[in-house]
1. Only one of R198, R157, R151, R228 is open to solvent by 40 Å² or more (accessible area, probe 1.4 Å) and either at pLDDT below 85 or in contact with a strand residue (DSSP E or B) (Cβ under 8 Å, 6 or more places away or on another chain) (or both). Can you tell me which?
2. Name every residue in the range 28-47 that is farther than 24 Å from A166 by Cβ and either loosely packed, with under 15 Cβ neighbours inside 10 Å or among the charged types (D, E, K, R) (or both), in order of residue number.
3. Since A124 meets every condition but one in (1) surrounded by 19 or more Cβ atoms within 10 Å (Cβ to Cβ); (2) among the small types (G, A, S); (3) within 17 Å of the chain's Cα centre (by Cα); (4) not in a loop (DSSP other than H, G, I, E, B), which condition does it not meet?
4. Being touching a Gly at 6+ places or on another chain (Cβ under 7 Å) and either among the basic types (K, R) or closer than 30 Å to L158 by Cβ (or both), is that true of even one residue in the range 279-288?
5. Name the residues in the range 281-320 that are open to solvent by less than 20 Å² (accessible area, probe 1.4 Å) and β-branched (V, I, T), would you?
6. Please go through the range 323-343 and give me each residue that is open to solvent by 40 Å² or more (accessible area, probe 1.4 Å) and either at pLDDT 90 or above or small (G, A, S) (or both), ordered by number.
7. When you look at L89, is it within 30 Å of M313 (Cα to Cα), in the same structural domain as V250 (by the TED database) and part of a helix (DSSP H, G or I), yes or no?
8. Could you tell me which residue of the range 97-121 is surrounded by the most Cβ atoms within 10 Å (Cβ to Cβ), considering only residues that are modelled with pLDDT of 95 or more and in a loop (DSSP other than H, G, I, E, B)?
Amino acid sequence: MPLFSPADCPRLVVKIGSALLVSDDGQVRSDWLRGIAAEIGERTRDGQQVAIVSSGAIALGARRLGLAKGGRASLEDAQAAAATGQIALSQAWAEALAAEGLGAAQMLVTLDDLEDRRRYLNAAATLHRLLSLDVVPVINENDSVATAEIRFGDNDRLAARVAQAARAHGVLLLSDVDGLYDRDPSLPGARHVPVVERIDGTIAAMAGRGSSSGMGSGGMVSKIEAARIAASAGVALAIASGRVARPLSVDAPHTLFVPERQARARKAWLTGLLTARGAIHVDAGAAQALAGGASLLAAGALRVEGSFGRGDMVTIVSGEQPVARGLSEYDCADAARIVGIKSDAQAEILGYAPRSALVHRNHLVLI
């Protein structure tokens with residue numbers, strides 16, 4: 001069985017959960033932070049490139065502002081706590097890494113930054129340059145401006161998307177759990193799952209909701225979703241406990257999600273997209289053609305849902321089952337006008353020469 005070794009990843013993304021970095025009284029766990037910084041220093045001196053996705057800003061800010069429920073009582077409280085806590089978080093990382101002779105760089109991103117192709121490429125270029133300079137990027141979601149509707153909501157999925165953008169070889173999610181169990185690990189007989197070859201309904205059903213610490217926003221469900229994103233991009237992902245000494249080095253229990261064959265960069269980006277602007281429902285024949293590598297033609301479409309423009313991501317649905325996602329070649333109004341219409345009749349309806357497909361195969365991935 002394959003096992004995950006962080007040292008074997010030339011470029012590694014490490015996600016740090018709030019419960020590891022922030023104590024129950026809202027203070028930075030300085031000893032733990034110095035320990036992980038020392039490990040990162042060792043890795044960097046050995047030629048490895050490491051990027052950090054760090055939670056903790058809301059937890060730190062809530063303590064400083066005296067906000068209830070850890071700063072999560074409302075969106076406004078979370079935004080205020082994030083704005084306040086991010087300064088303390090970045091300072092703590094900068095000081096810990098400086099003690100190891102390393103420079104730190106702060107990157108705050110929103111969901112839109114990685115969903116928009118141009119902004120995604122800009123973020124990727126920044127990551128590549130920082131890592132090439134032996135600087136450690138410290139990345140977090142920009143919770144001070146993110147809204148409830150347009151946000152990652154957890155740093156697990158953000159870490160997977162960052163790994164994709166950085167072309168990392170592995171992602172290590174350090175948390176207060178040491179991996180996936182077949183049931184709640186507090187129950188008698190719970191069995192640890194060391195390796196997941198494929199994420200299916202059985203694996204998804206094992207994920208319990210919620211963070212055991214009550215401090216962070218992620219749980220096992222978000223970690224499974226992160227593993228899907230990473231695996232589809234050809235990136236190995238492991239869930240491990242950060243409660244052990246030297247978590248980047250110790251051979252401790254963890255769960256490895258085995259990556260799929262690496263997709264082309266654009267296809268991998270499409271697979272990782274999280275926000276669909278609409279849906280196109282298709283017949284069984286069209287779904288079968290998509291599975292064979294074809295584009296989605298208007299003749300196979302049944303109806304359109306949502307409000308989307310040309311170039312927006314849409315989900316393609318057969319029956320009640322999503323089968324693919326891709327970038328629409330039409331806005332929702334024109335797409336709705338030509339559903340079920342063969343190509344030779346579309347020009348008269350649209351008033352202009354139709355494009356070859358509703359969603360071209362070059363901009364489409366199966367799910």
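1. Of the residues listed, the single one that is open to solvent by 40 Å² or more (accessible area, probe 1.4 Å) and either at pLDDT below 85 or in contact with a strand residue (DSSP E or B) (Cβ under 8 Å, 6 or more places away or on another chain) (or both) is R151.
2. Within the range 28-47, R29, S30, D31, R34 meet the criteria.
3. Result: A124 passes all but (1).
4. Yes, the range 279-288 has at least one match.
5. Of everything in the range 281-320, those that are open to solvent by less than 20 Å² (accessible area, probe 1.4 Å) and β-branched (V, I, T) turn out to be V282, V314, I316, V317.
6. If the condition is that a residue be open to solvent by 40 Å² or more (accessible area, probe 1.4 Å) and either at pLDDT 90 or above or small (G, A, S) (or both), then D331, A333, A336, R337, G340, I341, K342, S343 are the ones that fit.
7. Spelling it out, it is not the case that L89 is within 30 Å of M313 (Cα to Cα), in the same structural domain as V250 (by the TED database) and part of a helix (DSSP H, G or I).
8. Checked the range 97-121; the qualifying residue surrounded by the most Cβ atoms within 10 Å (Cβ to Cβ) is L102.
The values are calculated or read from the model by the stated rules, or taken from the named source; none is laboratory data. In this text, all values refer to a predicted model and were calculated from it rather than measured experimentally. Positions of Cβ are backbone-derived with ideal geometry, glycine not excepted, and every protein chain shown enters the neighbour counts. Areas reflect the complete protein model, heavy atoms only, side chains present, ligands, DNA and RNA absent. Shrake-Rupley method; radii C 1.70, N 1.55, O 1.52, S 1.80 Å.
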